[in-house]
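Only one structure is covered here, and it is reproduced in the block below.
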Amino acid sequence: MLLMQRLGRELGIAGEVAMEQQMACGLGMCFCCVRSFQTADGIESRRVCIEGPVFKLDEALSW
Amino acid sequence: MVDLAVKIGNVSLANPVMPASGTFAEGLAQVISFDQLGAMVTKTITAELRGGNPTPRVAEVGQAMLNSIGIPSKGVGYFIEHALPFYQQFKCPLVVSVSAPTADGFADIVQLLDLPGVSIIEANISCPNIEEDGNAFAMQPRSTAIVVGKLRKATNKPLWVKLTPNSTDIAAVARAAENAGADALVVANTILAMSIDVETFRPTLGNIMGGLSGPALKPITLRMTYQCAKAVNIPVIGCGGISTAEDAVEYMLAGASAVQIGTATFVRPRSMIDVIEGLAAFCDRKGIKRIDELTGAMAGGLHVSEFEAAQ
Ligand SMILES: Cc1cc2nc3c(=O)[nH]c(=O)nc-3n(C[C@H](O)[C@H](O)[C@H](O)COP(=O)(O)O)c2cc1C
Ligand code: FES
């Protein structure tokens with residue numbers, strides 16, 4: 001993913017990434033499936049089950 | 001027809017079944033009709049923005065699960081603007097679960113929630129993840145009395161207090177909450193626990209420790225429901241490992257006036273509806289006209305000696 005992000009940035013190509021995380025409810029209720037994303041306002045947690053599973057490649061963080 | 005209605009203090013519920021905090025949100029409305037529930041219970045909210053714990057936040061262990069979600073919260077303002085209007089379309093009462101790092105913080109947040117549409121406050125003084133090493137207000141009668149006393153002064157809404165099973169004498173904590181003005185108790189939250197992946201040598205949770213919930217918890221929180229119901233005169237709401245109507249009946253026999261269902265909803269999103277229907281069928285089969293007759297109806301009464309029971 002880091003390589004794709006670098007290539008996307010260098011070549012000006014937008015991309016998307018499908019992410020995984022353990023899920024308990026799958027309905028946006030339990031907040032166990034979060035991943036971190038870099039936004040203009042700082043780092044944000046988003047739920048893979050409801051806000052994803054596909055996210056903007058350039059915002060996704062690998063942890 | 002069985003009468004499923006119960007009263008929790010001054011509040012009437014159409015039936016004794018409601019979700020456990022943190023396992024219920026708007027998304028479940030895609031699967032079940034909230035109008036069928038006894039009440040709706042929100043995820044615990046805090047006044048401030050909170051991020052919650054590192055991932056992985058959940059793990060399966062035997063007949064149970066571990067979670068270390070923590071209390072990620074977008075803050076009380078976001079809740080009032082976005083979640084509250086959504087819940088107002090349903091007719092059953094809305095129980096808003098709150099938490100804060102200090103007793104004064106608890107008082108502050110309930111004052112912000114003095115709004116129509118908020119029917120009941122549930123004070124989560126028990127979440128084992130938020131304070132260092134799992135310490136929580138509800139571990140001691142003294143800290144319970146202080147925080148519940150401040151909450152009582154700060155709100156006129158019905159005040160439910162959710163206890164932790166991570167306490168050596170939960171009956172004493174229950175009495176402290178009652179004396180400080182709680183209208184009902186929720187017994188209980190998750191038990192502090194952990195597990196380790198022996199292949200990687202890593203703890204299965206990012207936070208190392210977390211809360212145990214699901215069927216394995218039931219005999220423990222059932223015993224605590226029994227102890228609390230014996231110790232206080234306010235209603236007790238049973239919670240821990242309920243997935244069938246028979247589980248709910250057990251809690252009511254032990255003294256619970258109503259029940260909350262959490263982890264079972266993750267396994268079967270329809271669990272609460274199945275339990276409601278199962279309770280009606282159970283009462284029918286047993287010739288019980290009103291479900292509230294079950295509360296404390298354990299044969300022999302609620303007064304078996306704990307000393308003898310442990311022998
Ligand atoms: C994923 C998850 C999140 C939870 N979040 C909260 C919470 O925010 N506040 C709270 O009071 N309890 C919380 N709990 C505890 C439950 O409300 C309930 O007390 C516990 O899970 C035992 O019930 P159960 O065995 O039916 O799940 C949470 C439990 C789980 C599994
Ligand atoms: S799995 Fe529960 S919020 Fe995504």
**Request:** Quickly run through region B:204-228 and pick out the residues that are more than 16 Å from ligand 2 (Cβ to nearest atom) and within 14 Å of chain A (Cβ to nearest Cβ).
**Result:** B:204, B:207, B:212
**Enumeration of residues in region A:33-63 that are assigned to a loop (DSSP other than H, G, I, E, B) and either more than 9 Å from chain B (Cβ to nearest Cβ) or crowded, with 19+ Cβ neighbours inside 10 Å (or both)** = A:33, A:40, A:41, A:48, A:49, A:51, A:52, A:53, A:61, A:62
**Asked** Out of region B:184-206, which residues are in a loop (DSSP other than H, G, I, E, B) and either touching a strand residue (DSSP E or B) at 6+ places or on another chain (Cβ under 7 Å) or at negative phi (or both)?
**Response** B:188, B:189, B:190, B:195, B:198, B:199, B:200, B:204, B:205, B:206
**Residue in region A:3-14 that is touching a residue at least 12 places away in the same chain (Cβ under 8 Å), under 9 Å from the mean Cα position of the chain (by Cα), more than 15 Å from ligand 2 (Cβ to nearest atom) and outside any strand (DSSP E or B) present** = no
**Given (1) of a type outside the set (Asp, Glu); (2) crowded, with 19+ Cβ neighbours inside 10 Å; (3) over 27 Å from residue B:11 (Cα atoms), index of the condition residue B:113 fails** = (3)
**Asked** Which one is farthest from ligand 1 (Cβ to nearest atom) among residues in region B:13-27 that are more than 9 Å from chain A (Cβ to nearest Cβ) and in a loop (DSSP other than H, G, I, E, B)?
**Response** B:14
**Asked** Which numbered condition trips up residue A:30, out of (1) more than 8 Å from ligand 2 (Cβ to nearest atom); (2) crowded, with 16+ Cβ neighbours inside 10 Å; (3) modelled with pLDDT of 95 or more; (4) of a type outside the set (Phe, Trp, Tyr)?
**Response** (1)
**Item:** Those helices (runs of 4 or more DSSP H) lying entirely in region B:207-311 with at least 3 residues within 15 Å of ligand 1 (Cβ to nearest atom) and more than 24 Å from residue B:11 (Cβ to Cβ)
**Value:** B:218-231, B:263-267
**Request:** Evaluate the following for residue A:2: is it at pLDDT below 95, among the aliphatic types (A, V, I, L, M), under 23 Å from residue B:204 (Cβ atoms) and away from ligand 1 (no atom under 16 Å from the Cβ)?
**Result:** no
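The values are calculated or read from the model by the stated rules, or taken from the named source; none is laboratory data. Bear in mind the structure is a predicted one, so any value in this text is a computation, not a measurement. Note: ideal-geometry Cβ built from the backbone for every residue, glycine included; neighbour counts use all protein chains shown.
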